[in-house]
Amino acid sequence: TLAARPRWRQQLQARADRQVVALIAGMDESGWYDHPRITVWTAEVVAVVESAQIATAEVTDDYLREVAAEVAGRRLDPSTVVDPSTLRKGTTHQGAYGRLADQFRRQASEGMPVPEILSRITTRARVMINDDLNLALRHQSMRWMRENDISMYRRVIRPEMSEGQTCGLCLAASDRVYYRDDLMPMHGGCHCDVLPILGTRDPGRFLNQADLESLYARAGESTYGADLVNARYEIVARGE
């Protein structure tokens, strides 16, 4: 179950990426200045993203039920699926993805070549899709735990799934237990899993320890920061 989770997440991301990239490529240059067309185009993008969010929420629910069955020996109830339109705070999906058109016009007015603008818009759209799917995963996890009266969860590191291994932020987070309504720490490209704690059964404690021992072994059996060279942080600024 743990091994399958990153694969389905990547498949949903890749499918949404392909569809949105095709919509960006299908908009001719004049379309970025035509507000009625932008409205229709944005609605099409949002439909793709929200569909992917719903699929992410549904698969997250199934994943958590399977994990609970393996840990507790019983399958808990499914929860109601989150409404993707409510997950962004302070703006709608239409408002957020409509800014891609604003970016095109602004950068065109600055003299940037159209191919470069489209490349930047595509990169930004992919980041936004990744963030939105992470929001669906996070909120569905919290809803499932709340509706099944599960109070605590643990983040489980997955160094084998991450380029450059696990970062220092995830290492620190994996050593803690979280209440279900706590904000789940996220960063771009994170592959950590969410595991509910059912009573005294805490599978994350053993899974994290196994991965931590492997990481320390690669660092020469050291737990010193200077030896754990894979600890890294990145701050990315963008218009969201």
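The values are calculated or read from the model by the stated rules, or taken from the named source; none is laboratory data. All figures in this text were calculated on a predicted structure; none of them were measured in a lab. Note that we place each Cβ from the backbone using ideal geometry, even for glycine, and neighbour counts take in every protein chain shown. For the accessible areas, the whole protein counts, side chains as well, though only heavy atoms, and no ligand, DNA or RNA atoms are used. Shrake-Rupley method; radii C 1.70, N 1.55, O 1.52, S 1.80 Å.
Values as computed for the structure displayed
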| quantity | calculated |
| --- | --- |
| Ranked order, Glu66, Glu29 - accessible area, probe 1.4 Å, largest first | Glu29, Glu66 |
| Point-to-point label distance, Ile24-Lys89, nm (Cα→Cβ direction, 7 Å offset) | 2.7 |
| Inter-centroid distance (Cα atoms) of the stretch 53-101 relative to the stretch 127-144, Å | 6 |
| Length-normalised contact order of the stretch 55-137 in % [C-alpha pairs under 8 Å, at least 6 apart] | 33 |
| Theoretical gain in end-to-end length, Ala47 to Asp175 [0.36 nm per residue, Cα-Cα removed] | 42.3 nm |
| Taking the stretch 1-94 and dividing mean pair separation by its residue count, relative contact order in percent (alpha carbons under 8 Å, at least six apart) | 29 |
| Heavy-atom accessible area ranking, 1.4 Å probe, most first, across Cys167, Cys190 | Cys190, Cys167 |
